[in-house]
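Peer 1: Sending over a structure as structure tokens; questions will come in a sec.
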Amino acid sequence: MKYCPQCASQLAEILVEGEIRNGCPDNQCGFVFWNNPTPVVAMIVEVDGGVVMAHNVAWPKTFYSIITGFLESGEDPLKCAERETLEELNLHALETTLVGVYPFDRQNQVIVAYHVRAAGQIKLNHELDDHKIVPVSELRGWNMGTGLAINDWLAQQRVTA
Ligand SMILES: [Zn+2]
């Protein structure tokens, strides 16, 4: 953000309660650009045979992950998880359970992850160009972002199994 959304002044570094922030110079209108992280909902979508790992058109060829989506204004994150599962994969949620909440500093996001047991015929939307169903026994997370949610969910499975 370069210009103040309230008074259109060019933003500058200002001191706010001892921290350097971007904001309106000399506090003209009091605007501070806090740059708070954006919440993102991630879905570990499980169907018969395993978890849906999808490939986004913008990603490196070999990288597959669980699907994610942005909350709409006023939307319950759980409803968002079910809506995105339908929009991105054409699958209907049968049961949706919170897995956890994870930082994703690199994208300035906070990930709210759900496990979605789902059914239907997979049809990818335009954001995705491939998918695979990974058996739970072969599923592995990684140490960042949505990978942390996968690791936690796998650990939860082992505890309850
Ligand atoms: Zn301003």
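Peer 1: Taking the condition of being of a type outside the set (Val, Ile, Thr) and under 16 Å from SER65 (Cβ atoms), how many residues in the range 101-125 meet it?
Peer 2: Qualifying residue count for the region: 10.
Peer 1: Pairs under 8 Å by beta carbon, first residue within 16 Å of MET43 (Cβ to Cβ) in the range 118-140, partner among the hydrophobic types (A, V, I, L, M, F, W, C) and open to solvent by 90 Å² or more (accessible area, probe 1.4 Å), six or more apart or different chains?
Peer 2: ALA118/LEU94; ALA119/LEU94
Peer 1: Something else: Does THR97 satisfy the criteria of being touching a residue at least 40 places away in the same chain (Cβ under 8 Å), among the hydroxyl-bearing types (Ser, Thr, Tyr) and open to solvent by 30 Å² or more (accessible area, probe 1.4 Å)?
Peer 2: In short, no.
Peer 1: Also, quick follow-up: When GLN121 is evaluated against the numbered criteria (1) more than 19 Å from the chain's Cα centre (by Cα); (2) under 21 Å from PRO37 (Cα atoms), which criterion, by number, is the only one it fails?
Peer 2: (2)
Peer 1: Tell me, which strands (runs of 3 or more DSSP E) lie completely within the range 1-67 with 2 or more residues that are free of Cβ contacts under 8 Å to residues at least 40 places away in the same chain and either open to solvent by 30 Å² or more (accessible area, probe 1.4 Å) or more than 16 Å from the ligand (Cβ to nearest atom) (or both)?
Peer 2: Fully inside the range 1-67 and qualifying: 12-16, 19-23.
Peer 1: Next up: Restricting to the range 14-67, name every residue that is among the acidic types (Asp, Glu) and modelled with pLDDT of 95 or more.
Peer 2: Those that are among the acidic types (Asp, Glu) and modelled with pLDDT of 95 or more: GLU46, ASP48.
The values are calculated or read from the model by the stated rules, or taken from the named source; none is laboratory data. Keep in mind it's a predicted model, so treat the numbers as computed, not measured. A quick note on method: Cβ atoms are made from the backbone with ideal geometry, for glycine too, and the neighbour counts reach across all protein chains shown. Side chains are part of the model used for accessible areas, which takes the heavy atoms of the whole protein and leaves out ligands, DNA and RNA. Shrake-Rupley method; radii C 1.70, N 1.55, O 1.52, S 1.80 Å.
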